[in-house]
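See structure below.
The values are calculated or read from the model by the stated rules, or taken from the named source; none is laboratory data. What you are looking at is a predicted structure, and each value in this text was computed from that prediction instead of being measured. No Cβ is skipped: glycine too gets one built from the backbone with ideal geometry, and neighbour counts run over all protein chains shown. Protein only, heavy atoms only, side chains kept; ligands, DNA and RNA dropped before computing areas. Shrake-Rupley method; radii C 1.70, N 1.55, O 1.52, S 1.80 Å.
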Amino acid sequence: MSTPINKTWYKEMSVYQIWPRSFCDGNGDGIGDLEGVISKLDYIKSLNVDAIWFSPLYTSPNADYGYDIADYRNISEDYGTLEQFKTLVDEAHRRGIKIIMDLVVNHTSDEHEWFKQGRADKNSPYHDYYYWRKGKKPGGKKPPNNWKSLFEGGAWEYDADLDEYYLHIFAKKQPDLNMSNPAVREEVKNIMRFWLDLGVDGFREDVITYIAKREGLPNGFPIPAAVGMEHYSGLPKVHDYLTEFRKEVLEPYGAFTVGEAPMMTPKKAKKYIEEGGNQVLDLMFHFQHMGADCIFTDWIVTPFSLKRMKKAFSRWQRGMYGTAWNALYLENHDHPRIINRYGDPLYRVESGKMLAAMYICQCGTPFVYQGQEIGMLNTERGSFDDFKDVMAHNMRKTFRSFGFSEKRILSIANKATRENARTPVQWSAAKNAGFTAGAPWVGVNPNYTEINVEAAENDADSLLHFYRALLKFRKENELVIYGDYKEHFKSSRNLYVYERNYKGRRLLVICSFTDKPVKLTAPKGFDLQKGELVFQNYKDVTAQGNTIVTKPYETRVYLFN
Ligand code: NOJ
């Protein structure tokens, strides 16, 4: 039985995520830019997506590649100008593509004017834009509390001139904004208005559940990592601030929002995204299905558990259906490539297709990350000198403190680093993968001669064409968008099978997560001989009656009208 669902544009769209530095370089300086993006708009359109989410394009000293913003009202010189951005918005809109900006307001850069002025003068109104506090002992000998930053040691940085510390949950160059100050909230609303007036259609809100800190900033529970998190993650005030943003800005503009929410559960998410009076965000990015091969962070690796992954997906599918809406993703700029994690590089195209069908056929708005559509893979760095990310260097220190050898740390880092998602998009087999005419700012994955857009365009069986077809099929079938969800064979360690149902039509999605053959009989009520096989990753597959023996990482999607 399908629960009635409110139909809305953002539920029907699919989104392509661009991490601008590595997408496409238009001016030959080795760094991706807006000119490059504009040159690829037709390609993006051809994927059958309806929107682009841009990781930060703003002016930034790049301590965290754009997630440290020095000017919220300008485009980074690396990427171009505001004028070019306006052209991009117009060109995208002309093609029916919406633009979603990243909004990073948990913290700024320490090079932002607010921070610089508040640091130079305690009496400046900007001082209270941040969390400046006296230490527990004078002279920088003991910070105000025991919180740890997620990126760089302790969460407090001492300033000798002021004899005060400032709070940074992320890197030292990312001081946290004091959202309890109404002036800061006014600034945030005005920043939103600025971009909405330029024509953007919505925001992806960075670590939005961290924007409120517990009053008094008490000590956190002394665990090995993320000390203090219970005092800055998901506090009730977050909802108050987001209500203000929604009522005063987002609702009047009809803007879309997806909030990034670490440690989120379906129950907690309902507070933010349940449709009706108290809704403050349209969607949320949770992390639960990204924990099927690790614990808490990608860096603490465990063997992949399909059951863990299925449980997470199903919990959210059931939990949101009819009352809220899911954000579906497998890759973004913060995680290694998914084929290396949940698929198998030896079956790159097959397992890539299986993973695509597995998540895109679920109920929710799908997000596809640059390069995912051609099955880009992780890459190896020979030494820590080749790592650019502040997080990787921090993790190196952490592992060293636990006594890990350098060799071992490097091997962990190569698998776990988010830099795997940040190598240049491989456009062709030409020099530098066709990403730049200059010297790329970061190494291109050497496999670009084989794995690239041009090769995929010329191969009718490529993953790229599969993504296109899948996203088109979703767009054209309300069953895939609005149908309900039921999982089968829950206890299977190798198969993920689920059905969707809508107005008498049904979809059966079969995914194998192993290279070994698995025999399965279709769930009760399905006659495979009567279904139309709409997606498959092997040619000439058949079913013996209602029974299938799967090929490596096989997927089949059957439609029953
Ligand atoms: C989450 C972003 O996705 C990540 O890339 C960034 O480093 C942190 N937030 C800090 O802004």
### Task
Give the calculated FRET efficiency between His465 and Ser305 to the nearest 0.05, with a Förster radius of 35 Å applied to their Cβ-Cβ distance.
0.70
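What 222 nm value per residue comes from the helices of the chain, counting each DSSP H run with n ≥ 4 as -39,500 (n - 2.57) and dividing by all residues, nearest 500 deg cm²/dmol? Don't skip to the answer; put the middle values down first.
Details: 16 runs with 150 residues, N = 561.
So the helix-based figure for the chain works out to -7500 deg cm²/dmol.
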#### Entry: Per residue accessible area in Å² of the chain, where ligands, DNA and RNA are left out and the probe is 1.4 Å
39 Å²
## Note on the structure
Cβ-Cβ cut-off under 15 Å around Ser14, Lys and Arg +1, Asp and Glu -1: the net charge is +1
### Message
Between the range 502-539 and the range 100-174, what is the separation of their alpha carbon centroids in Å?
### Response
54 Å
### Query
Counting only residues 5 or more places away or on other chains, whose amide H sits under 5 Å from the amide H of Val518 once H atoms are built in the peptide plane?
Thr550
### Query
Can you tell which of Val37, Ile75, Asn106 lies farthest toward the positive end of the dipole of the range 1-159, using +1 and -1 charges on the Cβ of basic and acidic side chains (Lys, Arg; Asp, Glu)?
Asn106
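Using unit Cβ charges (K, R positive; D, E negative) and no other charged atoms, how large, in debye to the nearest 20, is the dipole of the range 190-302 about its Cα centre?
340 debye
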#### Entry: Accessible-area value, Leu217, 1.4 Å probe, nucleic acids and ligands omitted, Å²
20 Å²
### Message
On C-alpha positions alone, give me the angle between the axis of helix 348-360 and the longest principal axis of the chain, in degrees, nearest 10.
### Response
80 degrees
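Would you work out the charge dipole size for the chain about its Cα centre, treating the Cβ of every Lys and Arg as +1 and the Cβ of every Asp and Glu as -1, and quote it to the nearest 20 debye?
Dipole of the chain, to the nearest 20 debye: 2620 debye.
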### Task
Report the charge-dipole magnitude of the range 483-550 in Debye, nearest 20, computed about the Cα centre from +1 at each Lys and Arg Cβ and -1 at each Asp and Glu Cβ.
160 debye
### Message
Taking θ = phi - 60°, what integer Hz values does the Karplus form 6.51 cos²θ - 1.76 cosθ + 1.60 yield along the range 61-70, in sequence order, with x for Gly and Pro?
### Response
x, 6, 5, 9, 6, x, 7, 10, 9, 9
### Task
Summarise the accessible area of the chain (1.4 Å probe, protein heavy atoms) by the percent that is carbon and sulfur.
51 percent
### Nonlocal amide H pairs with Trp156, under 5 Å, H built at 1.01 Å
His168
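Let me know the shape class of the range 408-471, please: from the alpha-carbon gyration tensor, a ≥ b ≥ c as square roots of the eigenvalues, rounded when a/c is under 1.5, otherwise prolate if a/b is greater than b/c, or oblate. All intermediate terms of the calculation are to be shown ahead of the outcome.
Values: a/c = 2.58, a/b = 1.42, b/c = 1.82.
Judged from the Cα gyration tensor, the range 408-471 comes out oblate (a/c at least 1.5, b/c at or above a/b).
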### Task
Kindly report, to the nearest 10 Å², the accessible surface of His488 as traced by a 1.4 Å probe over protein heavy atoms only.
30 Å²
### Query
Probe 1.4 Å, all protein chains in place: accessible area of Glu274 in Å², nearest 10?
80 Å²
## Note on the structure
With the dipole of the range 151-219 defined by +1 on each Lys or Arg Cβ and -1 on each Asp or Glu Cβ, the option from Ser180, Gly199, Tyr210 whose Cα lies farthest towards the positive pole is Gly199
### In Hz, Karplus ³J(HN,Hα) per residue of the range 413-430 (6.51, -1.76, 1.60; θ = phi - 60°; x = Gly, Pro)
4, 4, 7, 8, 5, 6, 4, 4, 8, 10, 6, x, 4, 8, 8, 7, 8, 5
### Task
Quick one: of Lys11/Lys189; Lys7/Lys539; Lys148/Lys490; Lys98/Lys353; Lys213/Lys270; Lys7/Lys45, which pairs are farther than 32 Å apart, Cα to Cα?
Lys7/Lys539; Lys148/Lys490
### Alpha-carbon centroids, the range 410-444 and the range 304-359: separation in whole Å
23 Å
## Note on the structure
Of the residues Asn394, Ala413, Gly375, the Cα lying farthest along the dipole of the range 368-423 towards its positive end, which is defined by charges on the beta carbon of Lys, Arg, Asp and Glu, belongs to Asn394
### Query
If we sort 72-84, 8-20, 516-528 on the protection proxy, mean other Cβ atoms within 10 Å, highest first, what's the order?
8-20, 72-84, 516-528
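For the chain, give me the percentage of DSSP beta bridges that are antiparallel, rounded to the nearest 5 percent.
The answer is about 65 percent antiparallel.
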